[in-house]
Structures are given as C-alpha cells and as structure tokens.
Amino acid sequence: MNVNELCRNLGLNPVAGQKGMDRAVNGAYAGDLLSFVMANASKGNVWVTIQAHANIVAVASLIEMACIIVAAGVEVDGDTLDKANGEGIPILTTGDDTYTLCCKLHDLGV
Amino acid sequence: MSSRDMVILSYRVNPEDFAKAGDASSNTKKVLKKLGIPSDITRRVAIVTYEAEINITIHSNGGEIIVSIDKAKIEIIARDYGPGIPDIDRAMEKGYSTASDHVREMGFGAGMGLPNMKRCSDEFQIESQKGKGTTVTSTIYIHD
C-alpha cells in the first residue's frame, strides 16, 4: 500500500507533501514525544501524532517515514506545510483521535 | 571516498530557534546519502545530530555541531557555550529532563535525547563545565 491508497481508503485530508504520495507504507507508529519517535519508528512507517509544528517534518524526514497523519482535528502550522512540501513528506489530517485512527489503520492491514 | 579523504561539516545552532532546529541534521543526512554511507549508519548519525541540535536549541546559550566523515568512521562533536550540565549522571538517565513546560508541550524534553545519542554511538563522551559549556562527542564506525 502507498500513501495515496491509505489516504483514499481512510478518507484523510492531504494538506502537504503531494510529491511523496507514492511512498510505500510498511507499518505505523503513534506518539507525540519526538525522541521516542526518533528512537522507535521505522523507515516507511506512517506516523500518527497530534504535534503540528515544523519539527515533525525534520523527524519524519530524518528517519524516512512514509507520511505524517496529524490526528484529532489539530490544525497544521503554515511553516510545517512549507517544510513538508520542500521535503516531499505527505501530511494528512483527520478529525479522528489517535486511538480511533490507529484502529482504522489496523483494520486496513497496516 | 579514498582512504585519505575527509569531509567536515560545520553548523551553528542558535538557542531557542525551533524553526531551524533539524536543518543541520537534515543537511548532514543528505551529504551522507550522497557519499554512499550505508543507510543504517546514516540513520544513527541522523539521530545523534538531531538530538544534539535539539539539546543545544533547548538548553544552551548557542553552540555548534561539527561532523567529520572519513572512510572508517563518522565523528560528531556538539559543543555549546554554556550554561553547562550540573549533574551528568542524572542527565544521562532515561526520562530525566530540565526542559520547560512549553518545550515539553512541543514533544521535546522527554529526557531521551542523551540516552538516544549514546545508544546510537559506538563511542560516546560528554564533558561539561558549569558556566563554560558542554561538549558531546559521538563516534560511529562505518562497517563494510
């Protein structure tokens, strides 16, 4: 599955990083503490978080995550969108909270 | 890269400049990729430089990160101009942090920065002098 298929299947809202929508998805990691994400998420993971500042793009890019899903209806900062467009890291948003979204990811086989 | 070649990258890191925090590590990672460094080594260097950058941004009066790459190893030196770490043993404990509430709300200050850096390093050294500053040195060997 790639980010584009994930986005369509779960009705997520793509807000940045369109050029990375064909990235392959191989699992997911949920968390809001950046050092834990750096230490434990894997390359190709979908990252579910409620952080929305520009540093989430640096973290996702450094460990080559497939995309970031900003959950719980949190609004993403403008400079975060700019950075994500620059790095080609898709950011998807949803009104679902982290738990609900992770259940949906699981049901989808992620 | 021939055995004599060395690439040195140097970055200034400003205090509390969260907008730029991550730029030094992103650039370092791009250079390592271009040099053909194995991806597992690149990931470890990315984590060390990122945590160093965030530490300098959050805790210090500013500093610098110097990354030296040769055929055998990558050395990362993160040096700041104070205020220094009063108790290094405590700072190395997982979960211990002196970060402010504001910084924690952003997802930083989980007390995992230095432990993450040590875990990703083959050699790890930290020296700190109160009032003068802190120098963290991480060495990561490149396997064949």
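Values in this text are rule-based calculations from the coordinates and carry no lab data. What you are looking at is a predicted structure, and each value in this text was computed from that prediction instead of being measured. Note that we place each Cβ from the backbone using ideal geometry, even for glycine, and neighbour counts take in every protein chain shown.
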What number of residues within segment A:89-110 are within 14 Å of chain B (Cβ to nearest Cβ) and of a type in the set (S, T, N, Q)?
1
Counting only residues that are within 12 Å of chain A (Cβ to nearest Cβ) and under 13 Å from B:Ser25 (Cβ atoms), how many does segment B:53-73 have?
4
Those residues of segment B:98-128 that are out of contact with any strand residue (DSSP E or B) (no Cβ under 9 Å at 6 or more places or on another chain) and either within 15 Å of B:Ala78 (Cβ to Cβ) or not basic (Lys, Arg) (or both) come to a total of 16
Please count how many residues of segment B:100-141 are away from chain A (no Cβ under 14 Å) and either among the aliphatic types (A, V, I, L, M) or in contact with a Pro (Cβ under 7 Å, 6 or more places away or on another chain) (or both).
5
If you take the residues of segment A:89-110 that are out of contact with any strand residue (DSSP E or B) (no Cβ under 7 Å at 6 or more places or on another chain) and assigned to a loop (DSSP other than H, G, I, E, B), which of them is farthest from A:Asn13 (Cα to Cα)?
A:Gly109
Does segment B:11-22 contain at least one residue that is surrounded by 14 or more Cβ atoms within 10 Å (Cβ to Cβ), within 14 Å of chain A (Cβ to nearest Cβ) and not in a loop (DSSP other than H, G, I, E, B)?
yes
Close pairs (9 angstrom Cβ cut-off, 6 or more residues apart or separate chains): closer than 21 Å to A:Asp97 by Cβ in segment A:8-31, in a loop (DSSP other than H, G, I, E, B) and of a type in the set (Ser, Thr, Tyr) anywhere:
A:Leu10/A:Thr94; A:Gly11/A:Thr94; A:Leu12/A:Thr94; A:Asn13/A:Thr94; A:Gly27/A:Ser42; A:Tyr29/A:Ser42
Output the residues belonging to segment B:27-38 that are more than 12 Å from the chain's Cα centre (by Cα) and assigned to a helix (DSSP H, G or I).
B:Asn27, B:Lys29, B:Lys30, B:Val31, B:Leu32, B:Lys33, B:Lys34
